[in-house]
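Visitor: My structure is below; once you've seen it, I'll send some questions.
The values are calculated or read from the model by the stated rules, or taken from the named source; none is laboratory data. Since the model is a prediction, treat every value here as computed from it, not as a measurement. Cβ placement follows ideal geometry from the backbone for every residue including glycine, while neighbour counts extend to all protein chains displayed. These accessible areas exclude ligands, DNA and RNA; they are computed on the full protein's heavy atoms, side chains included. Shrake-Rupley method; radii C 1.70, N 1.55, O 1.52, S 1.80 Å.
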Amino acid sequence: MVGKAVHFGGGNIGRGFIAELFHETGYEIVFVDVLDSIIEALQKADSYTVTEVDDKGEKSKTITNYRAINSKYNEADVVKEISEADVVTCAVGPNILKFIAPPIAKAIKARTMSKPLAVIACENAINATDTLAGFIKDSKDMDKDTLDNLPSKAEFGNSAIDRIVPTQPKDAGLNVVIESFYEWCVETTGFKSGHPEIKGVHWVDNLEPYIERKLFTVNTGHATSAYFGHYKGIRTIHESLQDPEIKKAVNEALDETSHLIVQKHGVTKEEQEKYVNAIITRISNPALEDVTDRVGRAPLRKLSRKERFIGPAAQLAEKGGKVDGLLKGVEMALRFQNVEGDEESAELAKILSTTSASEATEKLTGLEKSHPLYEKIVPIVEKVQKEGKK
């Protein structure tokens, strides 16, 4: 056994992606979650299956050697496990990082192992590990002595993950169907004592080119197809991309983000074009059925300042670049309101119905009024607000 890995989040990415690579490496895995049903299922089963799917077929792997703890009731056990672990990861959503920071802070404080704990957040957000590290350092459970000696107790690495989890069969239980393709890039600069061993991870010196390429291609393309598909009443991403108007809209948005990536990160035009085509092929795969309403959920986060629409559009606007395709994606995202099961879509509807266009633009995008993109967003917000009043 290589060591122990503690993972926050017993969902499909946690079980089907992160834990799969830990299992392949030889770690004992400790899942941590607050959802009773998932923890109880993991505690009762000594294995589950991950089925990898692509256009050539599928293959299955059995995941074993794991335990599960409900942090809602057993935080002390979680703290003990982390204090004795080699690595702690999470796939809980960027908004939940502040809630998992306290037990990690307590574990770092209690840690006596000679090698620092490796901390890696696996979230669809830029520099999520830095965000988590900030919450850990600011935790009331962190004292001055631990902070002063933090480099000897914990090391932090930002990461970028890319793997499609399609809609799961209703009777799947713990089993996960997942895309065969994956990319997990982790920045090495934070691991002064050496990065942990994890099979399949791509260790890089500078994560920004990888995370922006992924966020501004995979996530921008996926979200654009989802929001257009939702607006047109189309159920799946695969079906959305068969619609000529939506396919054109996705290509237009990705042409713009590609221009940014090529100019900013030195990627060749040909290499980026190949990457875009591969992404379109992946999200169009009918074997990886994904529902537009699922992909579109959490519109407030996806419309925020550093995310998949405003992030690249702001950088392009600062250089006088074209942003028409990205703005069409923003408009469709603004229409993703009051979708069943998605609290953010209800909050979006509330913001748009109770504030002015300028106030809503500032609140939703985080753009300053002086930013060149701001004046392009306000009329779009106003247009969607007027439609809502009809």
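Visitor: Please get the size of the charge dipole for the chain, origin at its Cα centre, with Cβ charges of +1 on Lys and Arg and -1 on Asp and Glu, quoted in debye to the nearest 20.
Guide: With Lys and Arg at +1 and Asp and Glu at -1, about 560 debye.
Visitor: Keeping every protein chain present and rolling a 1.4 Å probe, give me the accessible area per residue for the chain in Å².
Guide: That works out to 44 Å² for each residue.
Visitor: Mind listing the long-range amide H neighbours of V177? Cut-off is under 5 Å, sequence gap 5 or more, other chains count too, H placed in the peptide plane at 1.01 Å from N.
Guide: Those qualifying (amide H under 5 Å, at least 5 residues apart or on another chain) are T51.
Visitor: List the residues, sorted by chain then number, that are 5 or more residues from A68 or on another chain and whose placed amide H is less than 5 Å from its amide H.
Guide: For A68, whose amide H was placed from the backbone, the distant partners under 5 Å are F31.
Visitor: Continuing with the same structure: Work out from phi, with θ = phi - 60° and the Karplus expression 6.51 cos²θ - 1.76 cosθ + 1.60, the ³J(HN,Hα) of each residue of region 38-46, listed in order in whole Hz, and give x for Gly and Pro.
Guide: Taking θ as phi minus 60°, the curve returns 5, 4, 4, 5, 5, 5, 7, 9, 8 Hz for region 38-46.
Visitor: Then there's this: Below 17 Å, Cα to Cα, which aspartates and glutamates can K274 reach? Residues fewer than 8 away in the same chain don't count.
Guide: D162, E183, E212, E252, D255, E256
Visitor: Please state the shape class of region 281-390: rounded when a/c is under 1.5, otherwise prolate if a/b exceeds b/c and oblate if not, all from the C-alpha gyration tensor.
Guide: oblate
Visitor: Now for a separate question. Rounding to the nearest 20 debye, state how big the charge dipole of region 214-261 is about its Cα centre with +1 on each Lys and Arg Cβ and -1 on each Asp and Glu Cβ.
Guide: Result for region 214-261 is approximately 160 debye, rounded to the nearest 20.
Visitor: Run the numbers on region 157-216 and let me know its relative contact order in percent, using alpha-carbon pairs under 8 Å that are six or more apart.
Guide: It rounds to 38 percent for region 157-216.
Visitor: How about region 247-355: which trypsin sites (Lys or Arg not before Pro) there are in a DSSP loop, with at most 11 other Cβ atoms within 10 Å of their Cβ?
Guide: Hits after loop and neighbour filter: K319.
Visitor: Ok, one more. Take the cross-link list K192/K214; K248/K369; K153/K302; K80/K170; K232/K269; K302/K328 and give me the ones stretching past 24 Å between alpha-carbons.
Guide: Pairs exceeding the cut-off: K192/K214; K248/K369; K153/K302; K80/K170; K232/K269.
Visitor: Pairs of Cα atoms under 8 Å, at least six residues apart: use those to get the relative contact order of region 50-115, whole percent.
Guide: Computed over region 50-115, the figure is 27 percent.
Visitor: Of L364, H238, H195, which is farthest on the positive side of the dipole of the chain, counting Cα position, with +1 on Lys and Arg Cβ, -1 on Asp and Glu Cβ, and the Cα centre as origin?
Guide: Ranked along the dipole, the leading option is L364.
Visitor: In region 81-144, which trypsin sites (Lys or Arg not before Pro) fall in coil by DSSP and have 16 or fewer other Cβ atoms within 10 Å?
Guide: Answer by residue number: K140.
Visitor: Contact order normalised by length for the chain, with contacts defined as Cα pairs under 8 Å and 6 or more residues apart; what percent is it?
Guide: Worked out over the chain, it gives 12 percent.
Visitor: How many angstrom lie between the C-alpha centres of region 342-364 and region 93-117?
Guide: 34 Å
Visitor: Determine the shape class of region 156-278: with a ≥ b ≥ c the square roots of the Cα gyration tensor eigenvalues, call it rounded for a/c under 1.5, and otherwise prolate if a/b is greater than b/c, oblate otherwise.
Guide: It comes out oblate by the Cα gyration axes.
Visitor: Once you have a ≥ b ≥ c as the square roots of the Cα gyration tensor eigenvalues for region 1-109, tell me rounded if a/c is under 1.5, and otherwise prolate or oblate according to whether a/b is larger than b/c.
Guide: Because a/c hits 1.5 or more and a/b exceeds b/c, region 1-109 counts as prolate.
Visitor: Name the long-range amide H neighbours of V87: under 5 Å, sequence gap of 5 or more, or other chain; modelled H, no Pro or chain starts.
Guide: K4, V6, A118
Visitor: Mind checking which of I38, S304, I100 is farthest towards the positive end of the chain's charge dipole, using Cβ charges of +1 (Lys, Arg) and -1 (Asp, Glu) about the Cα centre?
Guide: Projecting each Cα onto the dipole axis, the largest value belongs to S304.
Visitor: Where the only charges are on Cβ atoms (+1 Lys, Arg; -1 Asp, Glu), what is the dipole of region 105-208 about its Cα centre, to the nearest 20 debye?
Guide: 480 debye
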